[in-house]
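Okay, so here's the structure we're looking at.
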Ligand SMILES: [Zn+2]
């Protein structure tokens with residue numbers, strides 16, 4: 001069973017799901033006011049890897065990830081560019097999904113948009129106000145953090161020490177500097193929705209509470225995001241659910257940040273943040289970024305430089321070359337995978353998604369498979385290679401070489417082997433001609449028909 005680090009507990013625990021065989025996961029998605037950068041790419045890859053591994057382990061995943069399509073940043077961008085906020089949000093959301101598709105991330109099962117849940121958010125804020133956890137000021141409605149006894153659970157700080165460390169507040173109407181906006185009253189020219197407190201829009205921390213509970217139900221299995229979201233975003237989401245007496249996420253998972261240092265080529269664009277579009281220009285194969293993410297522990301910072309990406313690309317070519325060697329044997333689909341490699345991989349993945357050690361197992365198996373092929377032990381080489389391809393496939397990394405020869409051609413090779421085994425040489429020659437006509441070279445080896453481009 002998978003064990004995961006839980007931010008709230010501060011330790012690694014068994015990931016037991018609410019419902020056996022099914023996991024409900026909510027990942028804070030994007031605020032669409034600019035093009036996605038490599039930090040966005042990393043968190044999307046981390047949770048894509050988690051989801052795929054759960055699915056590989058036989059667990060059905062309800063993967064919900066939101067789009068914040070109304071926010072101060074979107075409004076500012078729209079004002080700067082003299083166009084409607086909806087247009088800004090739509091443009092960058094399109095860029096977001098295009099970039100994630102390039103990274104090979106599966107689209108979430110549900111993608112709630114904040115603007116589609118405003119009524120429910122107004123409902124939640126009204127309830128919080130009725131419970132005495134929220135209060136109105138001249139510019140909005142605020143959440144009183146003092147109404148939640150264990151506020152600071154995720155930040156691992158007491159309310160008292162957080163209050164002492166808080167910035168000096170400019171808004172004198174707030175009861176505590178830690179209190180946060182649930183509703184922001186509209187200023188002139190700003191987009192607004194009606195509410196009991198007048199026209200306005202919800203604060204960012206409210207949408208995820210409403211959407212996660214609406215789509216996944218109480219006590220859903222995991223809430224994730226980048227470590228930068230632990231405080232205040234996730235703390236504040238949780239506070240609202242707690243104040244309402246609802247059980248929120250059972251587990252909290254947070255991924256480490258991206259450090260884009262070194263390599264002048266890598267520091268183009270948005271300040272010193274590298275955009276995914278720049279990354280795609282600089283590395284010919286986006287799979288290299290997935291491999292780099294796999295080779296770093298998800299909770300550790302990751303250094304994205306031309307050197308680390310170059311190393312990942314070189315490692316990727318070893319995987320592709322091995323896939324190619326298996327494809328040449330024509331034994332891609334049939335036959336066993338090495339069970340020991342698979343179980344070693346799974347064991348490391350189950351240990352808080354230790355992808356660096358799990359991928360190390362696979363690269364060791366790649367080395368062994370090449371040795372076996374070199375020693376003309378095709379069946380051992382094929383067995384090891386199949387396990388490597390299956391395990392990398394389980395975390396979303398497909399070998400290219402392995403798919404270079406289409407299944408239909410490999411099938412002709414298999415039929416030729418059958419014909420030869422039955423000493424039907426006329427049929428075998430006919431199949432050889434058929435494969436050659438499709439542009440492939442046919443060789444007879446001890447292990448059977450070998451097909452190359
Ligand atoms: Zn969120």
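Things to note:
- Taking the longest Cα principal axis of the chain as reference, the axis of helix 85-102 is set at about 30 degrees.
- Stokes-Einstein diffusion for the range 360-453, with the hydrodynamic radius set to the Kirkwood value over Cα pairs and evaluated at 25 °C in a medium of 0.890 mPa s, equals 168 µm²/s.
- Tilt relative to the chain, helix 306-329 - C-alpha long axis, 0 to 90 degrees, to 10: 40 degrees
- Extended-chain gain in nm, criterion 0.36 nm per residue less alpha-carbon gap, residue 433 and residue 3: 149.5 nm
- Computed FRET value (nearest 0.05) for residue 146 with residue 172, which takes r as the C-beta separation and R₀ as 25 Å: 0.90
- Semi-axes of the equivalent ellipsoid of the range 51-93 are 36, 8, 7 Å, computed as sqrt(5λ) over the eigenvalues of the C-alpha gyration tensor in descending order.
- Based on the Kirkwood approach, the hydrodynamic radius assigned to the range 29-115 is 13.8 Å, with every pair of different Cα atoms included.
- DSSP beta bridges in the chain [antiparallel fraction, %, rounded to 5]: 50 percent
- Computed Kirkwood radius, in angstrom, where 1/r is averaged over Cα pairs of the range 123-194: 13.4 Å
- Percent RCO, i.e. relative contact order, over the chain, from Cα pairs under 8 Å lying at least 6 residues apart: 16 percent
- Alpha-carbon spread of the range 185-233, three principal axes, descending order, Å: 40, 25, 14
- Convex hull volume per residue for the range 1-145, taking Cα atoms only, in Å³: 156 Å³
- Helix 355-374 and the longest principal axis of the C-alpha atoms of the chain enclose an angle of approximately 10°.
- Cα convex hull of the range 172-314, projected area averaged across orientations, nm²: 12.5 nm²
- Sorted into 10 angstrom bins from 0, the C-alpha pair distances of the range 106-235 split as 11, 38, 37, 13, 1 percent.
- Between residue 193 and residue 423, residue separation times 0.36 nm minus the direct Cα-Cα distance comes to 75.0 nm.
- Gyration tensor over alpha-carbon atoms, the chain, equivalent ellipsoid semi-axes in Å: 51, 23, 20
- In a fully extended conformation the segment linking residue 102 and residue 367 would gain 92.5 nm over its present Cα-Cα distance, using 0.36 nm per residue.
- Remark: spin-label model distance residue 138-residue 87 equals 3.5 nm, labels positioned 7 Å along the Cα→Cβ axis.
- Value at 222 nm in deg cm²/dmol, rounded to 500, when DSSP H runs of n ≥ 4 in the chain each add -39,500 (n - 2.57): -14500 deg cm²/dmol
- Annotation: peptides 140-151, 54-65, ranked by per-residue average of other Cβ atoms within 10 Å with the highest first, follow the order 140-151, 54-65.
A short reminder: the numbers here are calculations on the coordinates, not readings from a lab. Just so you know, these numbers come straight off a predicted model, no measurement behind them. Note that each Cβ is placed from the backbone with ideal geometry, even for glycine, and that neighbours are counted across all protein chains shown.
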